[in-house]
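See below for the structure under consideration.
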Amino acid sequence: MKIILSPAKKMITDTDSITPDGLPEFIDKTTEIQKWLKSKSKEELKTIWKCNDKIAEQNFNRLENMDLYHLLTPAVLSYEGIAFQYMAPSVFEDSQFEYVQNHLRILSAFYGVLKPRDGVTPYRLEMQVKVGIGETKNLYEYWGDLFIAENSIENPEDIKGFKRLGYAFRPDLSSEIEYIFERKIETMTR
């Protein structure tokens, strides 16, 4: 069984709790994205990140000082979203870390697919971003082969069956050469 989570926008650095097991598997592709982001101006990045000035400044500084190889936090400890809070990895015992390491994967626009103990650094990037890395138009396309490989998809028509993380194929928005998936955002009531 594999459990797949989306990352959270809010991230922390925790280099004291546990040591990462290693680097993300697709660190070379992450390096390409990092170079692409660093080639953008502050205003372009603010537009890409869709955030206010304070968050843009924080993430611009993170990007300027980003080291993908040192002072890393295990991925499962770095994200502060609700799913990660409820999972409470900071109080895991060794057997629980072993279980999530074998069964949990985090889909990341910046890192691709992460194992829980892969070392990461804080970043801000969402899959919807339009990128010009190589011949790709967006991050879904950039990471697409990687996600499709997980399901051994060979027929492009089978991609339409992808239904994870709240995403569903939208035939009304798609064409024969471009498939559009939409994620439903659940609203919380108080």
task = Filter region 118-149 for residues that are of a type in the set (Lys, Arg) and surrounded by fewer than 22 Cβ atoms within 10 Å (Cβ to Cβ) and give the result.
result = Lys130, Lys137
message = Name the residue that is modelled with the lowest pLDDT, counting only residues in region 150-190 that are hydrophobic (A, V, I, L, M, F, W, C) and closer than 25 Å to Ala83 by Cα.
response = Met188
message = Tell me whether region 90-104 contains one or more residues that are touching a Gly at 6+ places or on another chain (Cβ under 6 Å) and closer than 23 Å to Ile27 by Cα.
response = no
inquiry  = Checking the structure you have, find out if any residue of region 56-72 is over 17 Å from the mean Cα position of the chain (by Cα) and at positive phi.
reply    = yes
All positions within region 88-144 that are β-branched (Val, Ile, Thr) and modelled with pLDDT under 90 = Val91, Val129, Val131, Ile133, Thr136
Subset of region 1-19 that is over 16 Å from the mean Cα position of the chain (by Cα) and either under 29 Å from Phe162 (Cβ atoms) or of a type in the set (Lys, Arg) (or both) - its residue that is modelled with the lowest pLDDT = Met1
note = Per the list (1) more than 20 Å from Leu139 (Cα to Cα); (2) at pLDDT below 95, residue check on Tyr69 breaks on (2)
inquiry  = Can you tell me which residue is surrounded by the most Cβ atoms within 10 Å (Cβ to Cβ) among those in region 80-110 that are in contact with a helix residue (DSSP H, G or I) (Cβ under 7 Å, 6 or more places away or on another chain) and over 13 Å from Leu5 (Cα atoms)?
reply    = Phe110
task = Look at region 41-79 and say how many of its residues are among the basic types (Lys, Arg) and surrounded by 15 or more Cβ atoms within 10 Å (Cβ to Cβ).
result = 2
remark   = Taking region 1-42 and keeping residues among the β-branched types (Val, Ile, Thr) and more than 19 Å from Lys130 (Cα to Cα) leaves Ile3, Ile4, Ile12, Thr13, Thr15, Ile18, Thr19, Ile27
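The values are calculated or read from the model by the stated rules, or taken from the named source; none is laboratory data. Computed from a predicted structure; not experimentally measured. No Cβ is skipped: glycine too gets one built from the backbone with ideal geometry, and neighbour counts run over all protein chains shown.
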